[in-house]
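In what follows, a single structure is set out as structure tokens and then discussed.
The values are calculated or read from the model by the stated rules, or taken from the named source; none is laboratory data. Nothing here was measured: the structure is a model prediction, and the numbers come from that model. Please note: Cβ atoms are built from the backbone with ideal geometry, for glycine as well, and neighbour counts cover all protein chains shown. For accessibility, only protein heavy atoms count, side chains too; no ligands or nucleic acids. Shrake-Rupley method; radii C 1.70, N 1.55, O 1.52, S 1.80 Å.
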Amino acid sequence: FDSTLELDPSNSYAERNRAIALYYGDRIDLAFEDMTKHYQDDPSDPFRALWLYIIQYELDPIEAQQALLARYESKDESWGWVLVAFTLDKITEEQAFKAVLTSTRDNTLLAQRLTEVYFYLGKRYQLVGDYANAVSLYKLALSFNVFEYVEHRYSFLELGRIFEEVKAQRLAETNAKK
């Protein structure tokens, strides 16, 4: 991503993907810096707002929630703000699914949007430690086989992260009993 950005500093996809790669590489401060710049380039993009929230949540969950709420207040009517709304508990999961189902009858678009909904719902549950629901939702995100969507690919990464987290917790519990 660095090379791509050296050749084309305006490549927003490389910028976003580098920030997300840093996040998954546990370099949260650098990821936050990159994603903040990426968000500021287009504050109307709900996916930029979501990823900035996800990264910032690792640094300060309360501040991340407040910042996402402030971003949500200036939203437009684009589809992705529905994802932000349920992340903030502004709408229920049922309302989010109704928004998906009423917005399209095209099966491809429906699969894409459901992949996004399941991924971001899974992430919401994962952030609060509800791994059982998160795992189920990530598996649902994968089930639509929307391979070209990052939410499909990141679902695999998140499942791996949950596995490692649970394994570490179990190991700590076992060692504490000794």
- Query: Does any residue of the range 164-171 turn out to be at negative phi and touching a helix residue (DSSP H, G or I) at 6+ places or on another chain (Cβ under 9 Å)?
  - Reply: yes
- In the range 47-62, how many residues are part of a helix (DSSP H, G or I) and open to solvent by 40 Å² or more (accessible area, probe 1.4 Å)? 5
- Query: With respect to the numbered conditions (1) aliphatic (A, V, I, L, M); (2) open to solvent by less than 20 Å² (accessible area, probe 1.4 Å); (3) over 15 Å from the mean Cα position of the chain (by Cα), which one is the sole condition not fulfilled by ILE20?
  - Reply: (3)
- Note on the structure: Every listed condition ((1) open to solvent by 50 Å² or more (accessible area, probe 1.4 Å); (2) touching a helix residue (DSSP H, G or I) at 6+ places or on another chain (Cβ under 6 Å); (3) within 29 Å of VAL166 (Cα to Cα)) holds for SER136 save (2)
- State which residue pairs qualify: first residue closer than 11 Å to LYS123 by Cα and inside the range 150-167, second residue open to solvent by 80 Å² or more (accessible area, probe 1.4 Å) in any location, beta carbons under 9 Å apart, and separation of 6 or more residues or different chains. SER155/LYS139; LEU159/LYS139
- Name the residues in the range 119-131 that are among the small types (Gly, Ala, Ser) and touching a Phe, Trp or Tyr at 6+ places or on another chain (Cβ under 8 Å), would you? GLY122
- Query: Which of the following residues is free of Cβ contacts under 8 Å to residues at least 12 places away in the same chain and polar (S, T, N, Q): THR108, THR87?
  - Reply: THR108
- Item | From the options ARG113, ARG105, residue that is out of contact with any strand residue (DSSP E or B) (no Cβ under 8 Å at 6 or more places or on another chain) and either within 24 Å of ASP29 (Cα to Cα) or surrounded by fewer than 19 Cβ atoms within 10 Å (Cβ to Cβ) (or both) | ARG105
- Item | Single unsatisfied condition, GLN65 versus (1) open to solvent by 20 Å² or more (accessible area, probe 1.4 Å); (2) outside any loop (DSSP other than H, G, I, E, B); (3) within 22 Å of TYR149 (Cβ to Cβ); (4) touching a helix residue (DSSP H, G or I) at 6+ places or on another chain (Cβ under 9 Å) | (3)
- Message: Given the options PHE119, PHE147, PHE156, name the one that is open to solvent by 30 Å² or more (accessible area, probe 1.4 Å) and assigned to a helix (DSSP H, G or I).
- Response: PHE156
- Item | Cross-chain or 6+ apart pairs with Cβ under 9 Å, the range 8-31 first and within 15 Å of TYR154 (Cβ to Cβ), then polar (S, T, N, Q) | TYR13/THR4; ASN17/THR4; ARG18/THR4; ALA19/THR36
- Task: With respect to LEU171, determine if the residue is surrounded by 12 or more Cβ atoms within 10 Å (Cβ to Cβ) and in a helix (DSSP H, G or I).
- Result: no
